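Each value in this text was obtained by applying a stated rule to the coordinates, not by laboratory testing. Every value quoted in this text rests on a predicted model; they were computed, and no experiment measured them. Neighbour counts are summed over all protein chains in view; Cβ atoms, including those assigned to glycine, are modelled from backbone coordinates with ideal geometry.
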Amino acid sequence: MKLKTLLATAGVFVALSLGNAFAAEAQQNYEKHCMKCHGKDGKGATKMGRQNGAKDYTDPKVQAEMKDEDAIKAIRSGMKENGKEKMKPYGGELSDEEIRALVAYMRAFKK
Ligand code: HEC
């Protein structure tokens, strides 16, 4: 009984610290690669964000229109409009887990 409680507590602790590690990593990746366009707050109100037409990810409508698969694809393979690159592909630098964590990070901008 005691051992079980101990194991359960340890499990929760490991899960929590893993979750935090991913969240911290996502924030670092976001600040390194994405913030210059999408902004620290996700509004895309930076110089480069405005130039490229980054949307406001605090807007629930923008969030609703974005599908997880499309977000993952955009981060992995980049975004182009009329042959002009709006966002470069990050698939070479970021793992699938990191990309998923970034999508979750961007979801949290929703107001
Ligand atoms: C050079 C500017 C730029 C950088 C840097 C950039 N993006 Fe984007 N991103 C854009 C633009 C422009 C769009 C298209 C408009 C929009 O959906 O906001 C876009 C779209 C997206 C979308 C929406 C895709 C969809 O289907 O709606 C996601 C998710 C995204 N970016 C995530 C990221 C992440 C994560 C990073 C960093 C790894 C990043 N972006 C870096 C400019 C950029």
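3J(HN,Hα) couplings calculated from phi for region 53-62 with the Karplus curve 6.51 cos²θ - 1.76 cosθ + 1.60 (θ = phi - 60°) are, in sequence order, x, 5, 7, 8, 7, 8, 7, x, 5, 4 Hz; Gly and Pro show x. Against the longest principal axis of the chain, how steep is helix 68-77, in degrees 0 to 90 to the nearest 10, with axes from Cα atoms? Between helix and principal axis, roughly 70 degrees.
Checked against a 19 Å cut-off, the cross-linked pairs 55/80; 32/67; 36/67 give Cα-Cα distances beyond that limit for 32/67; 36/67. Per residue, the chain reaches -18000 deg cm²/dmol at 222 nm when only DSSP H runs of four or more residues are counted, each adding -39500 (n - 2.57).
Simple point charges give the picture: +1 on the Cβ of Lys and Arg, -1 on the Cβ of Asp and Glu, and for region 35-111 a dipole about the Cα centre of about 400 debye.
Of the trypsin sites (Lys or Arg not before Pro) found in region 42-91, those that fall in a DSSP loop while having at most 14 other beta-carbon atoms within 10 Å are 67.
Expressed as an acute angle from 0 to 90° and rounded to the nearest 10, what is the orientation of the C-alpha long axis of helix 2-29 relative to the principal long axis of the chain? With rounding to tens, the tilt is 20 degrees.
Taking the 0 to 90 degree range and rounding to the nearest ten, how far is the long axis of helix 96-107 tilted relative to the main principal axis of the chain, both from C-alpha atoms? Helix 96-107 sits at roughly 80 degrees to that axis. Taking amide H atoms as placed 1.01 Å from N in the peptide plane, the amide H of residue 86 lies under 5 Å from those of 79, 80, 81, each 5 or more residues away in sequence or on another chain.
Give the residue from 17, 74, 62 lying farthest towards the positive end of the charge dipole for region 11-111; charges sit on Cβ (+1 for Lys and Arg, -1 for Asp and Glu) and the dipole is referred to the Cα centre. The residue sitting most towards the positive pole is 62.
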